[in-house]
Amino acid sequence: MKKTGLISKSAYIRGLQCPKSLYLYKNNYADREKPSPELLERFRKGNDFGALAWQLFPGGMDMSPKMQYPGVLLVAADRVKQILLQYHDIILYEAAFCHQPCVCIMDIAVRSEGLLYAYEVKSSVNISSTYLNDAAYQYYVMSKAGFAPVQMNIVHLKEGADLNELLHVEDMRVTDVTRQVLDLQSDVEEHVRQLLSALQTEDTLLIPRGEQCEFPYHCDFVSYCTRQEKKIKITP
Ligand code: SF4
């Protein structure tokens, strides 16, 4: 049986877009296209926006795992677990949760009088279906880990706010997506099962390019898949 490693939130979203992309990410990482400077800049602005969101809930503990290696994530998740078992009122930033092989990092987790509130930060105005899938996966992992939030929220840009300008907490909006996320829980369970199974077989590599290659994101294996498909066509 092949090792699948941990399934992070971004791996889950990648796999939802295309299981082959997840397979390649796990097995042919070096064949990815390098991120463009524009994409790197978008990531940087997104990270800045995430850090600004901490100011909505000041005084929390930064739990960011120092690296994204599985062993580090598991230790980080265990630390979060121990803290949540100990404190009924606490704010955690970048808190890891794990229900093997699924892992997620919640941008902001607020425990108040024993109840847990989760806040995922997204640096755009609209809440897309991908963001809801993303939040649904996090809810899934947190609840399976024994820490189901009573409320799942998305922190995003207010209408009219511009990510390219200097932003303040007043430019942020919090939207409760608990109902949508709960409705997606059985889908998440099924998708996780399908992705784990797709990671077990090389048949996943037979998935051809299609509309999924650009939606919801440009897949970073487009060049690789294009080359592979050409090779297959010229092979007698
Ligand atoms: S390029 Fe298309 S077919 Fe290839 S892995 Fe990406 S999404 Fe899948």
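The values are calculated or read from the model by the stated rules, or taken from the named source; none is laboratory data. Keep in mind it's a predicted model, so treat the numbers as computed, not measured. Counting neighbours? That spans all protein chains shown, and the Cβs are built from the backbone with ideal geometry, glycine included.
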Quiz item: If a residue has to be in a helix (DSSP H, G or I), near the ligand (Cβ under 10 Å from one of its atoms) and in contact with a Ser or Thr (Cβ under 6 Å, 6 or more places away or on another chain) to count, how many in segment 18-46 make the cut?
Solution: 3
Quiz prompt | Scan of segment 66-91 for residues that are out of contact with any Lys or Arg (no Cβ under 9 Å at 6 or more places or on another chain) and assigned to a loop (DSSP other than H, G, I, E, B), ordered by number | solution = Lys66, Met67, Gln68, Tyr69
Quiz item: Do you know which residues across segment 163-210 are in contact with a Phe, Trp or Tyr (Cβ under 9 Å, 6 or more places away or on another chain), of a type outside the set (Ser, Thr, Tyr) and within 16 Å of the ligand (Cβ to nearest atom)?
Solution: His191, Leu195, Ala198, Leu199, Glu202, Leu205, Ile207
Quiz item: Any idea how many residues of segment 1-10 are in contact (Cβ under 8 Å) with a residue 60 or more places away in the chain and part of a helix (DSSP H, G or I)?
Solution: 1
Self-check item: Boolean, Gly50 is modelled with pLDDT under 95 and in contact with an Asp or Glu (Cβ under 7 Å, 6 or more places away or on another chain)
Solution: yes
Quiz item: If the Cβ limit is 7 Å and pairs must be 6+ apart or interchain, which residue in segment 148-168 that is under 15 Å from Tyr119 (Cβ atoms) pairs with which residue that is aromatic (Phe, Trp, Tyr) and outside any strand (DSSP E or B)?
Solution: Pro149/Tyr139; Met152/Tyr139; Ile154/Tyr131
Quiz item: Mind checking which residues of segment 110-139 are part of a helix (DSSP H, G or I) and buried (at least 17 other Cβ atoms within 10 Å of the Cβ)?
Solution: Tyr131, Leu132, Asn133, Asp134, Ala135, Ala136, Tyr137, Gln138, Tyr139
Quiz item: For residues in segment 92-109 being in a strand (DSSP E or B) and either surrounded by fewer than 20 Cβ atoms within 10 Å (Cβ to Cβ) or of a type in the set (Asp, Glu) (or both), which is farthest from the chain's Cα centre (by Cα)?
Solution: His99
